[in-house]
Amino acid sequence: MTKEPTAAGDQRRSQLLRGVLDLCLLSLIADRPRYGYEFVEALDAGGLELVSEGSIYPLLARMERAGLVESYRAPSSAGGAPRKYYRLTGGGRAELAHGRAVWGDFTAQVGRVLSPQEKTGEPDDDRRPHNDHDDHNNHDDHDDHDDR
């Protein structure tokens, strides 16, 4: 689906991208109709250089079968054979709007989990492992309790 990852970071990015590549393509098509290689260039310009043409065409075909995009042929500005362009359908626009909302919620939730927690200097009772010595009802091991 993507170009060969060269490092662990690229492999993680590749896995994350697999889940949202369809939304990225829908978003690019929403800007203007595009043909295959233009997707690779636009994704690369956006920092998603891991995507190859070989991963885009099968996804575009699935999106077309699902009614999210439609294709048409137009002459190439560089001459040669006509190119196959893709544009959004009404269903594609709705899917993009829904996907953007889900993505926004999801990234906010993941961000909360992955962000470092504020440090107060005090141990957080919810994060400390519990043991019997922390139980204030067990006074057998404590010399500082009041026996009144």
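Checked against (1) in contact with a helix residue (DSSP H, G or I) (Cβ under 7 Å, 6 or more places away or on another chain); (2) of a type outside the set (Phe, Trp, Tyr); (3) on the phi < 0 side of the Ramachandran plot, ASP44 meets all criteria but (1). Is it true that some residue in the range 66-73 is open to solvent by 30 Å² or more (accessible area, probe 1.4 Å), within 22 Å of the chain's Cα centre (by Cα) and either farther than 20 Å from THR107 by Cβ or without any contact (Cβ under 8 Å) to a residue 24 or more places away in the chain (or both)? Checked against the condition, which is being open to solvent by 30 Å² or more (accessible area, probe 1.4 Å), within 22 Å of the chain's Cα centre (by Cα) and either farther than 20 Å from THR107 by Cβ or without any contact (Cβ under 8 Å) to a residue 24 or more places away in the chain (or both), the range 66-73 yields at least one hit. In the range 19-49, how many residues are in a helix (DSSP H, G or I), loosely packed, with under 15 Cβ neighbours inside 10 Å and either touching a Ser or Thr at 6+ places or on another chain (Cβ under 6 Å) or among the charged types (D, E, K, R) (or both)? So the count comes out to 3. Among residues of the range 89-104 that are small (Gly, Ala, Ser), those with a Cβ under 6 angstrom from a residue that is in a loop (DSSP other than H, G, I, E, B) and at pLDDT 95 or above, sequence gap 6+ or separate chain, pair up as GLY91/GLY67; GLY91/LEU68; GLY92/LEU68.
Residue pairs whose Cβ atoms lie under 9 Å apart, separated by 6 or more positions or on different chains, with the first residue in the range 10-23 and under 16 Å from ALA66 (Cβ atoms) and the second part of a loop (DSSP other than H, G, I, E, B), are LEU21/MET1; LEU21/LEU48; ASP22/LEU68. Answer yes or no: is there a residue in the range 101-110 that is acidic (Asp, Glu), under 18 Å from the mean Cα position of the chain (by Cα) and under 29 Å from GLN11 (Cα atoms). Scanning the range 101-110, I find at least one residue that is acidic (Asp, Glu), under 18 Å from the mean Cα position of the chain (by Cα) and under 29 Å from GLN11 (Cα atoms), so the answer is yes.
Restricting the range 74-93 to residues that are modelled with pLDDT of 95 or more and more than 14 Å from GLY36 (Cα to Cα), the residue that is surrounded by the most Cβ atoms within 10 Å (Cβ to Cβ) is GLY92. The condition of being modelled with pLDDT of 90 or more and open to solvent by 90 Å² or more (accessible area, probe 1.4 Å) does not hold for ARG12. From the list ASP105, ASP132, ASP125, the lone residue that is modelled with pLDDT of 95 or more, among the acidic types (Asp, Glu) and more than 30 Å from SER71 (Cα to Cα) is ASP105.
The values are calculated or read from the model by the stated rules, or taken from the named source; none is laboratory data. This one's a predicted model, so the numbers in the text were calculated from it and none came from an experiment. Methodologically, a virtual Cβ is constructed for each residue, glycine included, from the backbone with ideal geometry; neighbour enumeration extends over all protein chains shown. Side chains are part of the model used for accessible areas, which takes the heavy atoms of the whole protein and leaves out ligands, DNA and RNA. Shrake-Rupley method; radii C 1.70, N 1.55, O 1.52, S 1.80 Å.
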